[in-house]
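Novice: My questions will all concern the structure given below.
The values are calculated or read from the model by the stated rules, or taken from the named source; none is laboratory data. Model, not experiment: these values are computed from the prediction. Using ideal geometry, Cβ is built from the backbone for each residue, glycine included, and neighbour counts are taken over all protein chains shown.
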Amino acid sequence: MADIRPSGYSKHRKKQTYSRRLGTRATPLQTLMSERVGGMGALILVILVLPLLLSNNYQYDVAISMGINAIVVVGLNLLIGYAGQISLGHAGFYALGAYASAILTTRYGLHGALAMPLGAIGVGLMAYVIARPILRLSGHYLAMATLGVGIIINIAISREAWLTGGPDGMYVPAMQVAGVELYGGQIWYWIVAAFLILAVWLALNLIDSPIGRALRGLHGAEVAAETSGVDTTRYKVMVFVISAVMASVAGSLSAHFSEFVTPDKASFFHSILFVTMVVFGGMASTFGAVVGAAALTLLPQLLADFASYEHMILGLIMMVVMIFMPKGLVPSLGALARRRRRQEARS
Amino acid sequence: MVKRFTRALMMVGAACIALGVTAQARAQEDPIRIGSFLAVTGPASFLGDPELKTLEMYIHRINGAGGLIGRPLELIHYDTGADANKARTFAKRLLEEDEVDVILGGSTTGTTMAVIPLVERAEVPFVSFAGGVVIIEPVKPWVFKTPHTDRMACGKIFEDIRSRGLSRVALISGTGGFGKSMREQCTQVAPAHDIEIVADETYAPSDTDMVAQLTKIKNTEGVEAVVNPGFGQGPAIVTKNFAQLGFEVPLYQSHGVASKKFIELAGDAAEGVRLPASALLVAEKLPMDDPQRPVVMGYKTTYEAEHGEGSVSTFGGHAYDGLMMYKQAVEAAGTADPAAVRDALEAIQGFMGTAGEVTMSADDHLGLDLSAFRMLEIREGDWVLVE
Amino acid sequence: MPPALVELLQFLFSGLTSGAIYALVALGFALIYNASHVINFAQGEFVMLGGMVTWALLSQGVGLPLAILGAVALTVLIGLALEKLAIERARNADVVTLIIITVGAGIFLRGLTSVTLGKDLHALPAFSGNDPIDILGATLIPQSLWILGVTAAVMVALHLFFNHTLLGKAILATSHNPLAARLVGVNVNFVLLLSFGLSALLGAVAGILIAPITATHFEVGIMLGLKGFAAAILGGLGSGPGAIVGGLLLGIIESLGAGYISSEYKDAMAFVVILGVLFFMPSGLLGKRGTERV
C-alpha cells in the first residue's frame, strides 16, 4: 500500500485542518488567512471594488461572463480538483440549464425565477441517473464518456429545432421582476455576484466537511479510500450532481443575461474551456477556479486585437502556462511568492 | 491566500482599465467608426474571410480618396468564429466601448440574430451579410441585409425545376444554421411552386462522406431532382458522392457555394450542377448593356487584382454592397449620425450592387427581388448563365 | 444481387472508407498513449497538416509524390518538436494538465496554419482519378481503395515493427513498465520522441489520403481528431488492434445509422454506441482489463 495522503492537498490547508481537528489555537491571523474567511472576504471585496473600474456595459459584460464561468468552474473544480474525476462534458449541463430557462420562459410562459430551479432540478436528476454508470469508468475512459454525453446533448439541442430554435439558437426575453425589466450590466453584475458568492461559499463548506475530506481521499488513492471504508461511488455521484447543478444554474443565468442561447454553449470546446479554467487557475483551489475563469474569460478579449494571430497566441499561452506552472496560476504564483518571502527573510 | 488572490484580481482590474484607456484614446480622433464582426475562422470562414478582405480593401480606397463626407473611415473588426455568443459580446464591445457609428457584418444568420436585440436597443444601423430571411422578416427598424434570402434561393431553384418539367424533389441538407434554415424555407415554399418533397436527408457540416444518405435518396421511388442546401466542404462532397453513385437526375446547389472554390473542390463531378447566384460570378459573360455589369466587373477586377485570379466570391460581394450602401446613405444624409443614416438607408432607391438592384422601403430592408438572382450551370469548370 | 443487399454493400464501402481514416487517427492516439499515457488532442492537427502542407507544396509546383513526402516529413518534425518542447518538459504533470497542453498545441497549430497557409478550403487531386469502380452493383472511387490499401499496409508495417524489431519491442516494453524498461537500458525519452514522430506520421498519412475526398482546411482536424479519439476509446486505449477495430466500427456505425435509421442523429448514434460499450466494457472492446495500482 503506497502513500494514502491525498495529493490535492496543500501543506497550508493540512495545518489548518489539523489545528481545527485538535480544537486548538487557530490564531485570529490564521483564521483571517484561511480560504473560508479571508479568501471569502477578499472575493467580496473584489466584487465590491470592481465596478469602480468598469465604465461601460461591455466591460460589465466581460465581468459578468467571468462570474458566470466562475460558477461553473467552482463546481467543476469540486469534481476534478477534489474528487479527481475528469469531465469533458460539463458544457452540456451548462447548455441544458440555459435551454431549460429559455424554453420554459418563452414556450411555456414560466417566470425566469421559476425556470432556473426547475432546470437545475432536471439537470440534477439527469446527472444522477448517468453518474453511476459513467463514474465507474476511470481516467481517459471517463473523459470519453463525459465528452460523449456533452456531444449528444449538443447534437440533440441543434437538431430539435421545433423546441430549441436549432443551430441558430433562440431568444430569451428579458426577465421581469415586479414589472421591471432586468436589463443592463449593473443589475446583472450584482445578480451574478450574489450567485458566485453563494457558489463559492457552498464549495468551501463542502470541502471543509467530512464529505470534503472523503473526497480528497478519493483523489489521493481511490482504492485505499475504498478499503478504509469510504463509499467512494456515493461521494463521486454526489459531487458530479452538485457540479452539474451549478453548471445548470450558471447556464440559466447566462441565458437570461444574454437573452440569447445557441447550441454552441454545449460544444466540446466549451467543455474543454471549463476544464482549462479549472487547471489554469489551479486544481483543488476554489479561488484558483475563480481566477482561472476570470483569466480565460478576459484573455480572448485582450487577444481580439491581435486579429489573425489571436489563436496562435492563445494556444501558446495555454501551453506555456501549463508547462511552467503545471499546478496552475494560483498555487504556482503562491509558491513563488512564498519562496521570495523566505529569501527576503533570509537576506 | 488573501494577498495572492487580490494580486491576481488586481491584474484583471488593470487589464480592464487598459481596455478603457484605449477606448478613450480612440474617441479623441474624428473618424467614422465602422464596426464589424465576421466569421473569419471557424466553419464559416469562407464567408468571413472574403468579407473582411473586401471591407479592408474598400475602406482603404475610400480613405485614399479623401474619406467619406470629409472624415476618414476606421474599421474595427472582431472575429466571431461563427459563434453567436462571441458575436454578442463583440457587438456589445463595438457599441459600448468602440462607440461605432454603424455595424457591417455578421457572416451567418446565427451570429446576426444574436446581435439584433443589442443594435435595436443601442439604435445603431446594422447591415448584415447573412442569408436567413428571419433577419428582415419581420422588419426591424435598425437592421438591413444585403444578400438574397434563402427563401428566394428556394424559389429560384424550384422555378428552374418546374421549367424543366420536373416536380419530385429530394432534399439533402447540412445541419448547420444555413442548411437547416434553407431546408425549412424550401419545405415551406415547395407547395406554392407545385413541388413535392419526396426525400429529406441531412448531414453534419463536418461529415466526410454522404454516400449513405444519397444511396437512400437514389433508392427512393421517383426522385426527379436533388437540392442540396448547405455551404462549405459538405456540398462539394455531396456533389462528388452524387457522381460516384452514377445518379442521373439534375443536382441543384444553393447560393451558399457560389464561388470558384466549389468548382475546384468538386472537380469534374460539378459538371452540370446548377445553382442560383448573383451576376458577380458571370461578370464577363453579362451582356455589355446589362446595368449591373459595370458594378460587378469593377468589384471583381479590384478584388482579384489584390487576392488572385478566380478568388472573387459572392460573399465578399455582400460586404461590398453593405459598405457601398452605407457610403451612399451617409452621403445622402450628409452626416454619420446613426438615426439620419438609418433613414437614408431605408430610403435607398435603385442602388446597383453586386447582388442586384436594391430599393429599400419601410417594410423591406433587403430591397432585392428574384430577378436579381441568376440561374447558373457549371460547364467545363466554369459558370454559364442558364437563362 | 437484390437491391437491398447492394444498398447494404454500398453503406459498408462508405463506412469502411471513413472507418479506415478513423483507424489511422486512432492508431496515432494509441501509440502516444502507450508510450506516455498522454492523450494527444493535437492528433487531429497532424491530420490537418498532412493535407494542408501537401496542398501548399503542390501549389508551389512540386510533384504529388514529393509533396506528400515533404508534408509527412514536416508533420513528423512538428510532432517531434511538440514532444521535445512541450510534453517532455511537463512529463510529471497531471493527466488533465497534459491534456490541456495538447489542446493548446492544437489551437496553436491551427492558428499557425491559418496565418501561413490561409483559411481557404483546398482539394487535392485524387491519386488515380475519380472514375467509380462497380463492385456487385455498389460503387467505390479509386481513392477509397487507396485509403483501404494504405491503412492495411500501415497495420502490417506497425505489426512487424512492434513484434520483430528491437526498437519496436523497446516501445512496447516502455508502455508496459517504464521503470523496468529503463533498467534494462531502454532510453525512455527516445521512445517517447519516437512515438510522437510515428503518430505524426500516421496522422499526416491519414490527412493526405482523405484530402482528395473531403478537401482540406485549417480546421479539418478538429472533428477527425475527436472521431479518432472516440475510435481509440471504443477499441480500448493503447491497443493497436483495438484502434483499428474501433475505427472501422465507428465508420460502419455512422454509415449504417445514416442509411437505415436517421441521418439527423448519425453522429449522436456513434457516441451512444460508445457509451453503451463503455458501460458494459469499461476498458473498451479490446483494452487491457487492468486492476488499479495502489
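Novice: Do you know which of the residues in segment A:93-137 that are touching a His at 6+ places or on another chain (Cβ under 9 Å) and of a type outside the set (A, V, I, L, M) is surrounded by the fewest Cβ atoms within 10 Å (Cβ to Cβ)?
Specialist: That would be A:GLY112.
Novice: Next question, about the same structure. Could you look through segment B:35-57, keep only residues that are out of contact with any His (no Cβ under 9 Å at 6 or more places or on another chain) and under 17 Å from B:SER128 (Cα atoms), and pick out the one that is nearest to the other protein chains (Cβ to nearest Cβ)?
Specialist: B:ASP49
Novice: Identify all residues within segment A:123-165 that are within 7 Å of another protein chain (Cβ to nearest Cβ) and in a loop (DSSP other than H, G, I, E, B); write none if there are none.
Specialist: Correct list: A:ARG136, A:LEU137.
Novice: OK, next. In segment B:98-129, which residues are surrounded by fewer than 22 Cβ atoms within 10 Å (Cβ to Cβ) and either aromatic (Phe, Trp, Tyr) or at the interface with chain A (Cβ under 7 Å from one of its Cβ atoms) (or both)?
Specialist: B:PRO117, the sole residue that qualifies.
Novice: Name the pairs: first residue in segment B:110-127 and in the same structural domain as B:MET182 (by TED's automatic domain parsing), second residue at pLDDT 95 or above, Cβ to Cβ under 9 Å, at least 6 apart or on different chains?
Specialist: If the second residue must be at pLDDT 95 or above, no pairs are left.
Novice: Does B:GLY179 qualify as being under 22 Å from the mean Cα position of the chain (by Cα) and either of a type in the set (Phe, Trp, Tyr) or not assigned by TED's automatic domain parsing to the domain that holds B:GLY316 (or both)?
Specialist: For B:GLY179, the condition - under 22 Å from the mean Cα position of the chain (by Cα) and either of a type in the set (Phe, Trp, Tyr) or not assigned by TED's automatic domain parsing to the domain that holds B:GLY316 (or both) - is met.
Novice: List the helices (runs of 4 or more DSSP H) that sit entirely inside segment B:225-328 and contain at least 2 residues that are more than 14 Å from chain C (Cβ to nearest Cβ) and not hydroxyl-bearing (Ser, Thr, Tyr).
Specialist: Of the helices (runs of 4 or more DSSP H) lying wholly inside segment B:225-328, those with at least 2 residues that are more than 14 Å from chain C (Cβ to nearest Cβ) and not hydroxyl-bearing (Ser, Thr, Tyr) span B:293-307.
Novice: Please go through segment B:283-317 and pick out each residue that is aliphatic (A, V, I, L, M) and surrounded by fewer than 20 Cβ atoms within 10 Å (Cβ to Cβ).
Specialist: B:LEU286, B:MET288, B:MET297, B:ALA305
Novice: Check A:HIS256, A:HIS270 and return the single one that is at negative phi, at pLDDT below 95 and under 14 Å from the mean Cα position of the chain (by Cα).
Specialist: A:HIS270
Novice: Can we say C:GLY221 is closer than 27 Å to B:LEU214 by Cα, within 12 Å of chain B (Cβ to nearest Cβ) and surrounded by 22 or more Cβ atoms within 10 Å (Cβ to Cβ)?
Specialist: The answer is yes for C:GLY221.
Novice: Spot the failing condition for B:ASP83; the list is (1) in contact with a Leu (Cβ under 7 Å, 6 or more places away or on another chain); (2) within 13 Å of chain A (Cβ to nearest Cβ); (3) not basic (Lys, Arg), and only one is missed.
Specialist: (1)
Novice: Right, here's the next one. Counting only residues that are in contact (Cβ under 8 Å) with a residue 60 or more places away in the chain and more than 21 Å from A:PRO167 (Cβ to Cβ), which one in segment B:160-208 is surrounded by the fewest Cβ atoms within 10 Å (Cβ to Cβ)?
Specialist: Restricting to residues being in contact (Cβ under 8 Å) with a residue 60 or more places away in the chain and more than 21 Å from A:PRO167 (Cβ to Cβ), the top hit is B:ARG164.
Novice: Within segment C:192-199, is even one residue in contact (Cβ under 8 Å) with a residue 12 or more places away in the chain, within 30 Å of B:GLU51 (Cα to Cα) and in contact with a Ser or Thr (Cβ under 7 Å, 6 or more places away or on another chain)?
Specialist: no
Novice: Got at least one residue in segment C:273-294 being touching a helix residue (DSSP H, G or I) at 6+ places or on another chain (Cβ under 8 Å), within 19 Å of C:SER175 (Cα to Cα), crowded, with 24+ Cβ neighbours inside 10 Å and facing another protein chain (nearest Cβ under 9 Å)?
Specialist: Yes, segment C:273-294 contains at least one residue that is touching a helix residue (DSSP H, G or I) at 6+ places or on another chain (Cβ under 8 Å), within 19 Å of C:SER175 (Cα to Cα), crowded, with 24+ Cβ neighbours inside 10 Å and facing another protein chain (nearest Cβ under 9 Å).
Novice: Quick one: would you say C:ILE253 is assigned to a helix (DSSP H, G or I), of a type in the set (Val, Ile, Thr) and within 14 Å of chain B (Cβ to nearest Cβ)?
Specialist: So C:ILE253 passes the test.
Novice: Given (1) touching a Leu at 6+ places or on another chain (Cβ under 7 Å); (2) part of a loop (DSSP other than H, G, I, E, B), where does B:ILE62 come up short, assuming only one miss?
Specialist: (2)
Novice: Within segment C:57-88, how many residues are crowded, with 17+ Cβ neighbours inside 10 Å and within 14 Å of chain A (Cβ to nearest Cβ)?
Specialist: 5
Novice: Another question about this same structure. Which condition number does C:PHE162 fail, the rest of (1) within 14 Å of chain A (Cβ to nearest Cβ); (2) closer than 20 Å to C:GLY79 by Cβ being met?
Specialist: (1)
Novice: Of C:GLY137, C:GLY118, which residue is within 14 Å of another protein chain (Cβ to nearest Cβ), surrounded by fewer than 19 Cβ atoms within 10 Å (Cβ to Cβ) and within 30 Å of B:ASP79 (Cβ to Cβ)?
Specialist: After ruling out the rest, the residue left standing is C:GLY118.
Novice: Which of (1) of a type in the set (Phe, Trp, Tyr); (2) in contact with a Gly (Cβ under 9 Å, 6 or more places away or on another chain); (3) at pLDDT 95 or above does C:TRP55 not meet, given it meets every other one?
Specialist: Tallying (1) of a type in the set (Phe, Trp, Tyr); (2) in contact with a Gly (Cβ under 9 Å, 6 or more places away or on another chain); (3) at pLDDT 95 or above, C:TRP55 fails exactly one: (2).
Novice: Of the numbered conditions (1) out of contact with any Phe, Trp or Tyr (no Cβ under 9 Å at 6 or more places or on another chain); (2) over 20 Å from A:VAL62 (Cβ atoms), A:MET322 fails exactly one; give the number of that condition.
Specialist: (1)
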